[in-house]
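Just so it is clear, none of the values below were taken in a lab; they were calculated from the coordinates. As the structure is a computational prediction, the values presented were derived from the model and not from experiment. Note: ideal-geometry Cβ built from the backbone for every residue, glycine included; neighbour counts use all protein chains shown.
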Amino acid sequence: MKQCTNCNKNKEESQFWKRGGSRGEELYPYCKMCKREQNYKLRRETKKKIIDLLGGQCQTCGHKSETGVSLSIDHQNGEKHKDACNILQWEWSRIEEEIKKCDCWLLCMNCHMELEYKRKHGL
Ligand SMILES: [Zn+2]
Ligand SMILES: [Zn+2]
């Protein structure tokens, strides 16, 4: 048994991820559940930072979103950057670089759907 330093619960060691992948010996101080929570939180914060960086509103219709939930980040050359959908997991410095390098657009859900549809059907 091991105590999670976040929720302070005692849990089986299988409830903790290992550092350095499955061959790693050392266990994370947080249990899997807390780690997942932490990842979500981190991603939410990262997304908010990206949104701020991109002007905070839909670049097509001007829609604003306080939480960022109705805004999405569009990579105009998304084909070349397939891994960009994992952008929220990257280091902040790498994200900043990526955003500067390839024109990212901030779009609301509606405009994003329209754009995706047009792209897909070559409109
Ligand atoms: Zn925990
Ligand atoms: Zn829009």
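Put a dot 7 Å past the Cα of LYS11, heading toward its Cβ, do the same for SER70, and the two dots end up 3.5 nm apart.
In the structure shown, do any of LYS35/LYS101; LYS35/LYS118; LYS64/LYS120; LYS32/LYS64; LYS2/LYS48; LYS47/LYS101 have a Cα-Cα gap over 29 Å, and if so which? Those over the limit are LYS35/LYS101; LYS35/LYS118; LYS32/LYS64; LYS2/LYS48.
Taken about its Cα centre, the chain carries a charge dipole of about 360 debye when Lys and Arg each add +1 at the Cβ and Asp and Glu each add -1 at the Cβ. Among the trypsin sites (Lys or Arg not before Pro) within region 13-60, those in coil by DSSP and having at most 15 neighbouring Cβ atoms inside 10 Å are ARG19, ARG23.
Computed on region 54-123, the Cα convex hull volume stands at 95 Å³ per residue.
For MET33, the shell of other residues with beta-carbons less than 11 Å away shows a net charge of +4, using +1 for Lys and Arg and -1 for Asp and Glu. For region 1-46, the calculated P(r), taken from all Cα-Cα distances in 10 Å bins from zero up to the bin holding the longest distance, is 30, 48, 21, 1 percent. The alpha carbon gyration tensor of the chain gives principal lengths a ≥ b ≥ c with a/c of 1.5 or higher and a/b greater than b/c, which makes the shape prolate.
Annotation: aspartates and glutamates with alpha-carbon distance below 16 angstrom to LYS49 (same-chain offsets under eight excluded): GLU66, ASP74, GLU91, GLU96, GLU97, GLU98. Modelled spin labels at ASP103 and ASN86, positioned 7 Å past Cα toward Cβ, are 2.8 nm from each other.
Residue-wise HN-Hα couplings along region 55-67, as the Karplus relation 6.51 cos²θ - 1.76 cosθ + 1.60 with θ = phi - 60° gives them from phi, are x, x, 8, 4, 7, 9, 10, x, 4, 10, 9, 5, 8 Hz; Gly and Pro carry x.
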